[in-house]
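See below for the structure under consideration.
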Amino acid sequence: METNFITEQKPHRSREESRKVLLKPKTDHFFEAFSRVQALNLEPTEPNGGANLFPYSRQELEKALANSKKRESADLHALLALIHWLYPTTDNFDKVGNSKSAFDNASSAIEAKSTSLAAKSVSLFVQLRVLPFLIQSGAQNESELISARKKALSLVESLGREQGWAGVLLEGIGYSFCQHEHDLHSALQFLTRAKVKLLKGPASAKSSFHTTFLSAITAVVFWDIGYCNENLGERESECARAVELYQKARVSYSRAALWSKKSPWLLYRSLSHYAVAGALLGEAELSAPKNQIRKRTLLKAAIDYAERASAIMNNWTEIESSMLSGSLNSQLYQNLALLESGKKKMKLLYRSFELASKAHVSYVKVSGGRYSAANLGDILVTLAQCHYEEALHSTKTQKVHHLVSALDHCQESQVYFDKERHADRLVKALMLGARIAHELAASGRSADHNNELMESQCREAVALCVSHGWSDKIPEANDLLHCGVVSARTI
C-alpha cells in the first residue's frame, strides 16, 4: 500500500504555492516519496516560509515512517536525513541535535536491507556533509567519516553510467575534505570530478524530481568550488594571484546562483548571492587599495548582491537572514562608509548598525549562536567619531547637536565591550568619550556634569592601560585631565 504522508494543505499556504505542488511520478519509489515532501518541492514565497514548511514536512515524514513497511523505510529515512541537512535556522535551533538527527536517519537508510541506490547515495552525501561539524562538536568520531568516505568511493566505482549519483557522492567527499582537514586542494579534486558528473546527470534522470534534485546539488558543488577558491585566495600572499582566485570564486558562486534557480531550495540561492558579495569584498580590498573609484564600484556591487541575498534568505528563514545580514551586509556598509564623508558616511553607518543590531537579537534566539557584540560597539564608536568631526566644523548650534549625538553613541558603545577581551577597543571609546565631554563642557553645555564625565572616562582608560601595560594612551588622558577640573597628579 502506497504511503501518502502529504495530506492536507500546509498551514498558511497561498493559492500560488498550491499551484506549485508538483505531480507525483509513476516510477522510482524514492522520487515518488520525494515528490510528496512539500519542503523539498515548494518554493517559499512569504517571509519565514521555509521555517514554516520544514517542521510540517518533518512531522509528516516521521508519521509515515512509523507506519511504513520495511521496503519503504530506507527511502523515508533518507528523506528525513535530507530534511535535517537543509533544515532552516529557527528559534532555539539546536545545530548539533539537528545534525545528529540527519546522521542517524542517514545511517538507518544505509543499514536497511532494501536500500535503493537513490536512498543510499543521498544518505552517504548527508553523512559526509554533517560529519565534519559533528566531529568538531565532539558528537561523532573521525572513524565515522573515514568509513563514510570508503563506502561512498566504493559506490562511485560501481556506478558505471550513473553519472548523477556519482557526482552527488563525490560532492560530499570533497566537502568533507574542505571542512574537516581543511585540505582545499584535495577538496577541489573531488569537487571538480563531481561537477563534471553532475552536469551530465540530468541526461539519465528518471523523473522531473530527479532532475530538480540533481540541479540543487549542482548548485551546491559550484558553491563549494567557489568557497575553496575564495579560501585559497585568503591564504595567498601574492596579491595578483589572490585577486585571480577571488575572481575565480566569484564565477563559481555566480554559476551556483544560476543552478539554484532550477530548484525550490532557497538556501543555496541566497548563499550564492552572499558569496558573490563576499568575493567582491575580497577583490575590492586587494585589487583596489589605492583606486578609490574602483573600490567604491566593487563595494556597491557587493552590497547589491548582499541585499538580494538577504531578501531571498528572508523567505527561507528570517533569523538566518538577520544573522547573515548583520555580519556581511553590515561590514560592507562600514567599508563603503570609510570611502565617504559627512552625512553620506553617517547614513551608511546607521544602516550598518541597524543590520548588526538585528543580528545580535537573532543570535540570542538561536541555541549556541554567538554574535560578537563588540561589532556593535565598533560601529557606534565610528558613528561617534563622525559626529565629533562634524561638530568641529559646524556652527555653535549644530556643534552642540553633533557633540551630544557623539557622546550618546560613545557611551552606548562601551556597553558592548568586555574589559578583558576588548580592553583596547574600550580604551579607544573611553578616550573619545572624554574628548567629546571636554568639548561639550567648553561649549557651555552642562559644564560640571561633562567635566565629571571626562574625568571618569579618563580615569577608567588609564586604569585599563596600566593593567595591560599600555603607556601610549596615558599622556593623552593626563592632558585632558589637566584641562579639566582635576590635576593629572591625582591619578
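The values are calculated or read from the model by the stated rules, or taken from the named source; none is laboratory data. If you're wondering where the values come from, they're calculated on a predicted model, not measured in any experiment. All Cβ positions, even for glycine, are placed from backbone atoms using ideal geometry, and neighbour counts span all protein chains on display.
For segment 457-481, name all the residues that are basic (Lys, Arg) and free of Cβ contacts under 8 Å to residues at least 40 places away in the same chain.
Across segment 457-481, the qualifying residue is only Arg459.
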Scanning segment 118-150 residue by residue, the ones that are of a type in the set (Ser, Thr, Tyr), part of a helix (DSSP H, G or I) and either touching an Asp or Glu at 6+ places or on another chain (Cβ under 9 Å) or surrounded by fewer than 18 Cβ atoms within 10 Å (Cβ to Cβ) (or both) total 3
Hey, could you check segment 207-223 for residues that are touching a Lys or Arg at 6+ places or on another chain (Cβ under 7 Å) and of a type in the set (A, V, I, L, M, F, W, C) and say which is surrounded by the most Cβ atoms within 10 Å (Cβ to Cβ)?
Val221
Give me the pairs: first residue in segment 66-84 and more than 17 Å from Val168 (Cβ to Cβ) and not assigned by TED's automatic domain parsing to the domain that holds Leu267, second residue basic (Lys, Arg) and part of a helix (DSSP H, G or I), beta-carbon distance under 6 Å, and six or more apart or on different chains, which are they?
none
Which of the residues that make up segment 102-117 are part of a loop (DSSP other than H, G, I, E, B) and farther than 17 Å from Lys150 by Cβ?
Ala112, Lys113, Ser114, Ser116
By residue number, the members of segment 230-250 that are in a helix (DSSP H, G or I), of a type outside the set (Lys, Arg) and either without any contact (Cβ under 8 Å) to a residue 24 or more places away in the chain or more than 19 Å from Phe190 (Cβ to Cβ) (or both) are Gly233, Glu234, Cys239, Ala240, Ala242, Val243, Glu244, Leu245, Tyr246, Gln247
Selection status of Ala166, farther than 22 Å from Phe54 by Cβ, in the same structural domain as Pro202 (by TED's automatic domain parsing) and touching a residue at least 12 places away in the same chain (Cβ under 8 Å):
yes
Scanning segment 170-206 residue by residue, those crowded, with 20+ Cβ neighbours inside 10 Å and either in contact with a Phe, Trp or Tyr (Cβ under 6 Å, 6 or more places away or on another chain) or of a type in the set (Lys, Arg) (or both) turn out to be Leu170, Gly172, Ile173, Gly174, Ala187, Lys195, Lys197
Cβ pairs under 7 Å, 6+ apart or interchain, first in segment 15-43 and closer than 21 Å to Ser116 by Cβ and not assigned by TED's automatic domain parsing to the domain that holds Pro264, second at pLDDT below 50 and of a type in the set (Phe, Trp, Tyr), ordered by first then second residue, are Arg36/Phe5
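For every residue, the table says whether it meets (1) without any contact (Cβ under 8 Å) to a residue 40 or more places away in the chain; (2) farther than 29 Å from Ala51 by Cβ; (3) in contact with an Asp or Glu (Cβ under 9 Å, 6 or more places away or on another chain).
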residue: Ser252; (1), (2), (3): yes, no, yes
residue: Ala256; (1), (2), (3): yes, no, yes
residue: Lys261; (1), (2), (3): yes, no, no
residue: Pro264; (1), (2), (3): no, no, yes
residue: Tyr268; (1), (2), (3): no, no, no
residue: Ser272; (1), (2), (3): no, no, no
residue: Val276; (1), (2), (3): yes, no, no
residue: Ala284; (1), (2), (3): no, yes, no
I'm checking my understanding of the structure. Among residues of segment 455-484 that are at pLDDT below 85 and among the hydrophobic types (A, V, I, L, M, F, W, C), which one is farthest from Leu432 (Cα to Cα)?
Trp470
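Scan segment 61-78 residue by residue and report those that are part of a helix (DSSP H, G or I), in contact with a helix residue (DSSP H, G or I) (Cβ under 9 Å, 6 or more places away or on another chain) and of a type outside the set (Asp, Glu).
Within segment 61-78, Leu61, Ala64, Leu65, Arg71, Ser73, Ala74, Leu76, His77, Ala78 meet the criteria.
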Qualifying residue in segment 293-314 (condition: crowded, with 20+ Cβ neighbours inside 10 Å, over 24 Å from Ala374 (Cα atoms), aromatic (Phe, Trp, Tyr) and not assigned by TED's automatic domain parsing to the domain that holds Lys95)
yes
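Can we say Glu283 is among the acidic types (Asp, Glu) and more than 19 Å from Gly233 (Cα to Cα)? Break it down into steps so the answer makes sense when it comes.
On the way: among the acidic types (Asp, Glu): yes; more than 19 Å from Gly233 (Cα to Cα): no.
It is false that Glu283 is among the acidic types (Asp, Glu) and more than 19 Å from Gly233 (Cα to Cα).
Results for (1) touching a Lys or Arg at 6+ places or on another chain (Cβ under 9 Å); (2) modelled with pLDDT of 95 or more; (3) part of a helix (DSSP H, G or I), shown as yes or no for each residue.
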{"site": "Glu43", "(1), (2), (3)": "yes, yes, no"}
{"site": "Gln59", "(1), (2), (3)": "no, yes, yes"}
{"site": "Leu80", "(1), (2), (3)": "yes, yes, yes"}
{"site": "Ile83", "(1), (2), (3)": "yes, yes, yes"}
{"site": "Thr90", "(1), (2), (3)": "yes, no, no"}
{"site": "Lys100", "(1), (2), (3)": "no, yes, yes"}
